[in-house]
Each structure stands twice: as C-alpha cells, then as structure tokens.
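Quick notes on the structure that follows.
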Amino acid sequence: MKQATYFIPTAKDAPKDAQIASHRILLQGGYVKQTAAGIYSYLPLGQRVMQKIEAIVRTELNAIDAHEIFMPVLQPVELWNESGRFSEYGPELMTMKDRHDRTFILGPTHEEVITDIVRDHIKSYKKMPLSLYQIQTKFRDELRPRFGLMRGREFTMMDAYSFTAKDEDTNKIYDNMGSAYAHILDQLKLEYRMVSAISGQIGGSESAEFMVLSQIGEDTVLYSDTSDFASNLEVYPELKAGDKSPDGHGILKEAKGIEVGHIFKLGTKYSVDMKANFTNNKGELEPIIMGCYGLGISRLIMALLEQNQVEGKVVWPLAVAPFKVHILLANIKNTEQVAAANTVYAHLQEAGVDVLFDNRDERLGAKFGDADLIGSPIRVVVGKGVENGVLECLNFLTDKKVEIAIENVVQTIKDWL
Ligand code: ATP
Ligand code: MG
C-alpha cells in the first residue's frame, strides 16, 4: 500500500481525552475515529487489525467444529420476555421501537435469538452436539464507556453457543472452547491467565474468564505462585495476595487483568424458559443443555496495544500487524532513493508480504513519528545509505538493526517473517 494515497489520519498531538497509552495510540495513529461516546468508526488501520484477529478466531473455531452464522442486531422483545431477561437486564439494554410501536432490543448478547433458532430445528438427541458462532456488533449502554474500544457501547464480539443432550458433551465443548481461546491468545502473543469467574447476568453454573495481564485492567486476578490455581478476585473476595492458595498449593499473587473472553456452562436456564426441548433416546422430552462463549474482538485490539507499546511506541505482533513491513522513503526528490524504495516495495508485494510504503512528501522525522504509531514489526529506511548501495533494516521483534545491500533486503525480510 502506498501511504500517499492511503488513509491513515495520524495526529501530531496526543488527544486530551486519552488517559492510557493504548487509547492514545488508537486515536493518534488514526486506527479509529470516535463517532459518539463509546461508539467508533474503524478506519483502514483499525479495520485491518480487526480483520486479522477475526481470521484467527474463525480458523480456531472452525477447527473445533463450530459453524459460523450471523444473527440480527434487532431482537424482538417477545423473545426477551420469554427468557425473563427483558425485566432483569437493566439500563445497559438498548431498545428501539419500529413504526408499529413494537419494541426491539439491540442485542447485547444473543442467547434468546439462538435458542429460538435451535428449538425450531433440533428436536432429537441425534442432531446434537451442535456449536454455532458469529462475529457481530453488540450494543450495551455502558454507564462509563472508556479507554476507546475497551468499554464501548457498540462493539464487536465473537459469541458462540453450544447445544447438547448430555452434560458430558457440554463439558467437552467447554474445554475445547477454552483451548481454542488459548490458541487464539497464544497466536496474538498476549500474556494472559484463564481464571474461574462468576457467571453474572448471563447465568449458568460454571464459568471461566480469559484475562490479559495489564496494569490498566479493571479486574483483579489471584493466582498461585506454584500451581495452576487462578481466579477472579470476585469469586474469593475474602482472599488477598500473600494468603495461602485455596487449592493448598503455594501462595497467592495478585495482578490486574483485562477480561477479553468469558466461557459459560449455561445448563438448561434458557432452554427451560424458552421451551427448547429434544427427544432423548428413550423417547422422552428433555431441555437442551447449553453453553455460551464470548470473546471481545474489539477489546482485544486494546489489550494488544496496551501489551505491545513502550512509551507510546507500538510494535504489533506479526499475526495482526496492519502491515508487517513499513518502507520509509527519506527523500522523495532523490531519484536513486525512489528507485531503491520502489524496487523493494514491488518485490515484497510480489512475495505477498503486507507492506506499507511511506512515499509521502513529508520530513523523515514525521514519517518516523507516524511509523511508531503504525507499529510494523519490520521497518526499512531508504535514505542516504543508498549512495553506498545499502538500506537500513530494523526488526523490532528481535531488536535487530542492520544495513543490508539493496539486492539482499527482500530475502532478509523474508527470513525474518
Ligand atoms: P465486563 O465485565 O468488562 O463488562 P462482561 O462480563 O459484561 O464484561 P460478557 O458479557 O462476558 O462481558 O461479554 C463477553 C466479552 O465481550 C467480554 O469478555 C469482553 O471481552 C467483551 N465485552 C463486554 N463488554 C464490552 C464492552 N462494553 N466493550 C467492549 N468489549 C466488551
Ligand atoms: Mg459488562
């Protein structure tokens, strides 16, 4: 992509309302534009990161036999009256009326809609287990939308739902989902913990959260220094760092976490209320056993920014970098430099590498400033070295900075990727 004709509206100064580094980079780097409080437009950079995260999520969920669907944002209130959640959910619920004065809910989550789909089609134990998921916009009228995409009122979530005839099958899918989440977060190179959690408004028996460790996290994670024990402080409000771990192994430590995912065993809460029954192998009617699984796609962007920035400069992990390689052309009036930059750019494109070429008529200093916000893990500076036939190549993932002969640059980068 040639930057001169692309759309990355970076800002010179940090926006005043951004209190944390990730939020500042998000706005200053031109990833998104705030349209209203907690409501954002994704610009090309933000959209690229989001699509890359989504692709990883899809691959991992498809691999555990979850099937992608797409449900409506607008949900008839009647479904929410059936589950009883219309009166329970509280002021986060956003609603609208159509021209006939019928109430619709702007989905904060989709248990009702999916239960309605499944109850009409799954009548026998033979059709289960079944797992379905979507990547969709969610609406929650958060009291305090903040930190950019961290807590939005309109945001993107992956939500999956499982339907089984037996508890063992739900347990198995729950475990598979947990592993899929772990694979996703591993590919994103995030440092996280899976912790036991309270189920909250969604309801159900057992649940676990995925917490990305970060100073700016709103949740407190307690974990043992020697065993696998890890929990949201909410579950054990009486415990604190330094106490003995409840599993009898080790001493508790405390860390702040950003909740990026939550998996639940729902039991039959929704299927009983909404009469989603199946016939078992004895010909008797039973309620379907459900699970639900949420992953905050847009919140992951913030968690990634927060963990991958140092003093406001970001380096994206390769898997989700909007561009893996950034070529900075120092002087657009120097024909030798222009030729060298064009050659490297063309060859990287041919090799299928996501490459951004800063060919703008700007000072090199300004280009560096923007490049620190765009965060490509590999940077090529085409400057004075061209006189000696070399380009400066930086690999931020390994902290390498080398001068390389122009003809070897593309191969070096391929080796780094
Ligand atoms: P929180 O405690 O942060 O409000 P939640 O428990 O309400 O989260 P869930 O209902 O479990 O969240 O939703 C699943 C996932 O969706 C969360 O783990 C989180 O990553 C994401 N998420 C929830 N609310 C928001 C929001 N307002 N903005 C962005 N992402 C969100
Ligand atoms: Mg919430």
Check your understanding: Can you name the residue in the stretch 115-145 that is hydroxyl-bearing (S, T, Y) and within 19 Å of the chain's Cα centre (by Cα) and, of all such residues, is farthest from ligand 1 (Cβ to nearest atom)?
Key -> Y133
Study note, to complete from the structure: When restricted to S87, S83, the only residue over 19 Å from the mean Cα position of the chain (by Cα), among the hydroxyl-bearing types (S, T, Y) and open to solvent by 40 Å² or more (accessible area, probe 1.4 Å) is S87
Study note, to complete from the structure: Considering residues that are within 28 Å of P317 (Cα to Cα), more than 13 Å from ligand 1 (Cβ to nearest atom) and touching a Phe, Trp or Tyr at 6+ places or on another chain (Cβ under 9 Å), the number found within the stretch 187-215 is 3
Revision key, fill the gap. Pairs returned, first residue in the stretch 152-163 that is open to solvent by 10 Å² or more (accessible area, probe 1.4 Å), second residue that is near ligand 1 (Cβ under 7 Å from one of its atoms) and among the acidic types (D, E), beta-carbon separation under 6 angstrom, 6 or more apart or interchain, are R153/E142
Review point. Among the helices (runs of 4 or more DSSP H) contained in the stretch 34-115, which hold 1 or more residues that are more than 24 Å from K269 (Cβ to Cβ) and free of Cβ contacts under 8 Å to residues at least 60 places away in the same chain?
Key: 44-63
Point to revise | Tally of residues being within 15 Å of ligand 1 (Cβ to nearest atom) and open to solvent by 20 Å² or more (accessible area, probe 1.4 Å) across the stretch 171-185 | key: 1
Study note, to complete from the structure: Among residues of the stretch 147-184 being β-branched (V, I, T) and part of a strand (DSSP E or B), the residue nearest to I135 (Cα to Cα) is T156
Check your understanding: Restricting the search to the stretch 123-146, which residues are closer than 18 Å to L295 by Cα and either more than 16 Å from ligand 2 (Cβ to nearest atom) or in a strand (DSSP E or B) (or both)?
Key -> S131, L132, Y133, Q134, I135, Q136, T137, K138, F139
Study note, to complete from the structure: If we keep only residues of the stretch 231-248 that are open to solvent by less than 10 Å² (accessible area, probe 1.4 Å) and under 27 Å from the mean Cα position of the chain (by Cα), then the residue nearest to ligand 2 (Cβ to nearest atom) is N232
Check your understanding: Only one residue in L252, L188 is touching a Gly at 6+ places or on another chain (Cβ under 9 Å), away from ligand 2 (no atom under 16 Å from the Cβ), more than 30 Å from E78 (Cα to Cα) and open to solvent by less than 30 Å² (accessible area, probe 1.4 Å). Which one?
Key -> L252
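The values are calculated or read from the model by the stated rules, or taken from the named source; none is laboratory data. None of the values given here were measured: they were computed from a predicted structure. As a convention, Cβ positions derive from the backbone with ideal geometry for all residues, glycine included, and neighbour counts pool all protein chains shown. Each accessible area value is taken on the protein alone, full model and side chains, heavy atoms only, with ligands, DNA and RNA left out. Shrake-Rupley method; radii C 1.70, N 1.55, O 1.52, S 1.80 Å.
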